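Have a look at the structure below, then the notes.
The values are calculated or read from the model by the stated rules, or taken from the named source; none is laboratory data. All values reported here derive from a predicted model rather than from experimental measurement. With ideal geometry, Cβ positions are generated from the backbone for all residues, glycine too; neighbour counts draw on all protein chains shown.
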Amino acid sequence: MQQTVQGECTISGHGLMFGEPVDLTLRPASPDTGVVFQRIDLPDSPEIRVCPENYGTVVPRCTSVQEGDAVVNSVEHILSALAGLGIDNVRVDISASEPPALDGSASLYVDLINGSGIVQQEVPRRYIEFEEPFAVHEADRQIVLLPSDSLQFSFVYDHPQVSAQVGTFTIDPETYAREIAPARSFCFADEIDLLRSQGIGKGANYDNVVVVEADGSTSDTLRFEDEFVRHKILDLIGDLYLAGRRLKANVMALRSGHTLHTELVLSLAEKGFIDRGSTEPVEAQHIYGVLPHRYPMCMIDRVTQFESGKRAVGLKNLTYNEQFFQGHFPQQPVMPGVLQMEALAQLAAWLLLHDYGAEGQLGYFATIKEARFRRPVIPGDQLRLEVEVLRGRETLARVGGKAYVGDELATEGEITIVLDKSQARNR
């Protein structure tokens, strides 16, 4: 199931690249929101959704997201902590152009999230999964994704100034917090002048970066003998969360860095592994250009997102003027459960019918199974409808549906819809 943080929580510090003071606040978010940064220091507080489309090549040696003129740099550590602990939906208010560097690891972000608490949202998590290997490479750098039922990382790191390090970890929240999150950023002493000449690393110091000298000695005692490869895995986990979803894969990386990590995410998007579907809302006039229903049986006001032939999310805003409220417990109006199922069926029928674009099709109920009604739905509620095609053929589809008020599940059930081409109609 998807998860979010339980309450607001804030952490402060200075950014690694530019040294700006910054406050970062995590706030709960609704299912299917994903990770959304909000630059509260800029006019109109613009939002930046974490997704492949918003990847930005703004600052070297880190990962950035950008939407319009709004940018957040160095997002890999906070994204790594969110991914490692299984946070699917969260809003991140940030008062500068990058999150705080803290101690150079993700441990303090882990503490922040765990201190807030993690809430399950009763909406299924959707993964990026593979049926065959997927790879990207550049010179002697390579990342390979192998099909798996879990998330495992194997990383080979070598550098002329240190001994080769190899790390393999199966990632779950406990393993991530214990074995990966504490690993700190590091750099080599002979790189410092180059970084300064590029105008970056202004917030770096011996408290948030381990400096490696030419002879292999380090500025601080390492937390793990193989701390460098563990930090590379930390970065890789964060960079891959740019996809907006968690992977199920055995990830094998050889000498890779931020550039190749993000190239992998962009390649996955290009090949259709990260099909987020349409996020442009579909309004009522277009919905009922597909569905035959008319007032008072119009049960969908808007479709907020969908993936063709797979799933859809829609909204029904309920006012006291709905006809069924006038006669269904009029002293304490309640939306009939059967009409909630009807709303789910209408959304499912729209999802199925809009793909065909043909005249003369209607969608009819065939069966309703496992219907459960969890809470009353009353005037003033907004019903969020979610349907997922469990099995589909040309004329028959089995669909799972859930209706929510806020984060509370109101109704759920499984419906079968028959598509009938024999009934001609004008749209």
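Points worth noting:
- When each of PHE169, PHE153 is tested for being farther than 19 Å from GLU263 by Cα, in contact with a strand residue (DSSP E or B) (Cβ under 9 Å, 6 or more places away or on another chain), surrounded by 15 or more Cβ atoms within 10 Å (Cβ to Cβ) and modelled with pLDDT of 95 or more, the lone residue that passes is PHE169.
- Residue count for region 257-272, restricted to those that are within 19 Å of VAL166 (Cα to Cα) and touching a helix residue (DSSP H, G or I) at 6+ places or on another chain (Cβ under 7 Å): 2.
- Residues in region 59-114 that are assigned to a loop (DSSP other than H, G, I, E, B) and not acidic (Asp, Glu): 21 in all.
- Tally of residues being assigned to a strand (DSSP E or B), without any contact (Cβ under 8 Å) to a residue 24 or more places away in the chain and of a type in the set (Lys, Arg) across region 277-336: 1
- Condition met for THR221 (loosely packed, with under 15 Cβ neighbours inside 10 Å and polar (S, T, N, Q)): yes
- Selection count, region 40-58, where residues are surrounded by fewer than 19 Cβ atoms within 10 Å (Cβ to Cβ) and assigned to a loop (DSSP other than H, G, I, E, B): 9
- Selection status of MET17, within 16 Å of ASN89 (Cβ to Cβ) and either surrounded by 19 or more Cβ atoms within 10 Å (Cβ to Cβ) or among the aliphatic types (A, V, I, L, M) (or both): no
- Among the candidates VAL58, VAL35, VAL22, the residue that is aliphatic (A, V, I, L, M) and modelled with pLDDT under 90 is uniquely VAL58.
- So ARG384, is it modelled with pLDDT of 85 or more, under 31 Å from the mean Cα position of the chain (by Cα) and closer than 14 Å to ALA312 by Cβ: yes
- Remark: pairs (first residue in region 37-52, not assigned by TED's automatic domain parsing to the domain that holds VAL65; second residue among the small types (Gly, Ala, Ser); Cβ separation under 7 Å; 6+ apart in sequence or on different chains) are absent.
- Subset of region 285-311 that is modelled with pLDDT of 90 or more and hydrophobic (A, V, I, L, M, F, W, C) - its residue that is nearest to LEU351 (Cα to Cα): VAL303
- Filter pass, GLY272 being surrounded by 18 or more Cβ atoms within 10 Å (Cβ to Cβ), on the phi > 0 side of the Ramachandran plot and either modelled with pLDDT under 95 or among the hydrophobic types (A, V, I, L, M, F, W, C) (or both): no
- Looking at VAL144, VAL136, VAL123, just one residue is part of a loop (DSSP other than H, G, I, E, B), of a type in the set (A, V, I, L, M) and closer than 24 Å to ARG245 by Cα, and that residue is VAL123.
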